[in-house]
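Report on the following structure.
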Amino acid sequence: MIDAQKTIVVTGIGVVSPYGAGLSSLQAGILAGQCCLKSASDLYPGFQGTVAAVDALPSMTEVHRYSRTDRLAMAAASDSIVDFTGPGSILRESGIVMASTVAGLTEIDPEISVGPSEWYQHGGLSRAASYPASRVAASVGEHLGILGPACTVSVACASGAMAIALAANMLLDDAAPMVLAGGSDTLCPFTLSGFNSLQALDPEPCRPFDQNRKGLNIGEGAAVLVLETLDHATRRDARILAVLRGWAMTNDAFHPTAPHKDGFGLALCIQRALEMASCGIEEVGYVNAHGTGTSLNDIAETHAYESAFHGRSHPVPVSSTKSYFGHCLGAAGALEAAITIMAMQSGALLPTLRLENPIESPMIDWLRGELRRQPLPVAMSVSAGFGGSNTALVFGSHRA
């Protein structure tokens, strides 16, 4: 029997991506197999997934007060509650858990080369105030009038998924009646320079899990999920999009940047999430992988799936949607959670674009080529980050 007071459900999804604003734009683009990666500037090799005209998004006033990362988060959060029904007090008392790695770095970088007086005259003080990562959650709260607990998570590329896991824990602890959780990150010279110095950028559109992969492409965007208990959602007659059946977080304790070569920490994370979900390895119909396209990540992740799904009677379907619009860093896990729910609702096994020579593994059904259709009652989204942070989210369909 389902414990409605302890079952976490998703009742709203807001997205801003290189496909445009809204989950429908993201869904239309991905289901059509459209790649949003475009050639980058001469300063940085490779391709990027860029969100167009962020300043033109509705309700984005006081541009100098909010960083570009803040504004993407605010837009996605607004989109997530478009269909919200219930007393205003529920929203005011809700929690916020946002994720970011870049935060306001995009705002202070242009100011470094100017003098103090010019910096102040051109809004430098307010821009500096938008720099800390904590501002992302705070900005969403200011924008929507949310007064409940708020925090911003920054654990590299697992941040967006970890924000969702932490929000679910908040609900189990009765810290808020509802929690908005997700991530936001934007293209930034500092980040691009860092990945370029690591020689991790692919000069062409990336090809995750391909034996000839050459690196990643950086993207930008934001996604916010509305989480609450099944009991709370039922009482306010909310539309339930998915059930968050299980989640887990682990740490490799291995290296500042490289994943554990055997994927031990990630495998443990997947196993714990499945245990929490009371879900057997045979039940998982699709895995939205971290799949960056780098040599170290993809092989470590392959080993993790081989370990976590060992003994399964048939290969587990896996793909990386970073091949569509790039790696959105702190927002990646949240965007991929939204995509995983979308895939479940549409019964779509999403292929990895440009995957021609997959890493050999009898345990994995590398999705490539044409889009496949089949019912997906259970799907998983997996994220991993620098420093060994791992998060796995298990989603299930809701049947009234």
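For the range 377-400, name all the residues that are crowded, with 20+ Cβ neighbours inside 10 Å and either among the hydroxyl-bearing types (Ser, Thr, Tyr) or in a loop (DSSP other than H, G, I, E, B) (or both).
SER381, SER383, SER389, THR391
Are any residues in the range 312-350 in a loop (DSSP other than H, G, I, E, B) and out of contact with any strand residue (DSSP E or B) (no Cβ under 7 Å at 6 or more places or on another chain), and if so, which ones?
Here is the first cut: in the range 312-350, the ones in a loop (DSSP other than H, G, I, E, B) are 312-315, 320-321, 326, 328, 347, 350.
Matches in the range 312-350: ARG312, SER313, HIS314, SER320.
Given the conditions (1) surrounded by 24 or more Cβ atoms within 10 Å (Cβ to Cβ); (2) without any contact (Cβ under 8 Å) to a residue 60 or more places away in the chain; (3) more than 20 Å from SER67 (Cα to Cα), and given that THR152 satisfies all but one, which numbered condition is not satisfied?
(3)
If you take the residues of the range 244-299 that are modelled with pLDDT under 95 and touching a Phe, Trp or Tyr at 6+ places or on another chain (Cβ under 6 Å), which of them is surrounded by the most Cβ atoms within 10 Å (Cβ to Cβ)?
Checked the range 244-299; the qualifying residue surrounded by the most Cβ atoms within 10 Å (Cβ to Cβ) is HIS260.
Exactly one of (1) of a type in the set (Gly, Ala, Ser); (2) touching an Asp or Glu at 6+ places or on another chain (Cβ under 6 Å); (3) without any contact (Cβ under 8 Å) to a residue 60 or more places away in the chain is unmet by ALA343. Its number?
Result: ALA343 passes all but (2).
Return the residues of the range 206-221 that are within 20 Å of the chain's Cα centre (by Cα) and on the phi < 0 side of the Ramachandran plot; say none if nothing qualifies. Explain how you work it out, then say what you get.
Residues of the range 206-221 that are within 20 Å of the chain's Cα centre (by Cα), as a first pass: 206-209, 215-221.
Passing the criteria: CYS206, ARG207, PRO208, LEU216, ASN217, ILE218, GLY219, GLU220.
On the given criteria, is VAL316 more than 20 Å from SER17 (Cβ to Cβ) and among the β-branched types (Val, Ile, Thr)? Can you show your working first?
Values: more than 20 Å from SER17 (Cβ to Cβ): yes; among the β-branched types (Val, Ile, Thr): yes.
When the stated conditions are applied, VAL316 passes them.
Within the range 237-281, can you find the residues that are under 15 Å from SER389 (Cα atoms) and in contact with a Lys or Arg (Cβ under 9 Å, 6 or more places away or on another chain)?
TRP247, ALA248, MET249, THR250, PHE254, ALA273
Return the residues of the range 299-311 that are of a type outside the set (A, V, I, L, M) and either outside the structural domain of GLY385 (by TED's automatic domain parsing) or assigned to a helix (DSSP H, G or I) (or both); say none if nothing qualifies.
The answer is GLU301, THR302, HIS303, TYR305, GLU306, SER307.
If you go through the range 71-88 one residue at a time, do you hit one that is over 22 Å from VAL15 (Cβ atoms), in a helix (DSSP H, G or I), modelled with pLDDT of 85 or more and not assigned by TED's automatic domain parsing to the domain that holds SER381?
yes
Mind listing whichever residues of the range 219-263 are among the aliphatic types (A, V, I, L, M) and assigned to a strand (DSSP E or B)?
ALA222, ALA223, VAL224, LEU225, VAL226, LEU227, ALA242, VAL243, LEU244, ALA248, MET249
Suppose we filter the range 273-298 for residues that are touching a Gly at 6+ places or on another chain (Cβ under 8 Å), hydrophobic (A, V, I, L, M, F, W, C) and not in a loop (DSSP other than H, G, I, E, B); how many remain?
3
Taking the criterion of being assigned by TED's automatic domain parsing to the domain that holds GLY194, surrounded by fewer than 16 Cβ atoms within 10 Å (Cβ to Cβ), outside any loop (DSSP other than H, G, I, E, B) and modelled with pLDDT of 85 or more, would at least one residue in the range 92-103 satisfy it?
Within the range 92-103, one or more residues are assigned by TED's automatic domain parsing to the domain that holds GLY194, surrounded by fewer than 16 Cβ atoms within 10 Å (Cβ to Cβ), outside any loop (DSSP other than H, G, I, E, B) and modelled with pLDDT of 85 or more.
The values are calculated or read from the model by the stated rules, or taken from the named source; none is laboratory data. Treat the numbers as computed from the prediction; the structure is a model and nothing was measured. Backbone-built Cβ (ideal geometry, glycine too); neighbour counts: all protein chains shown.
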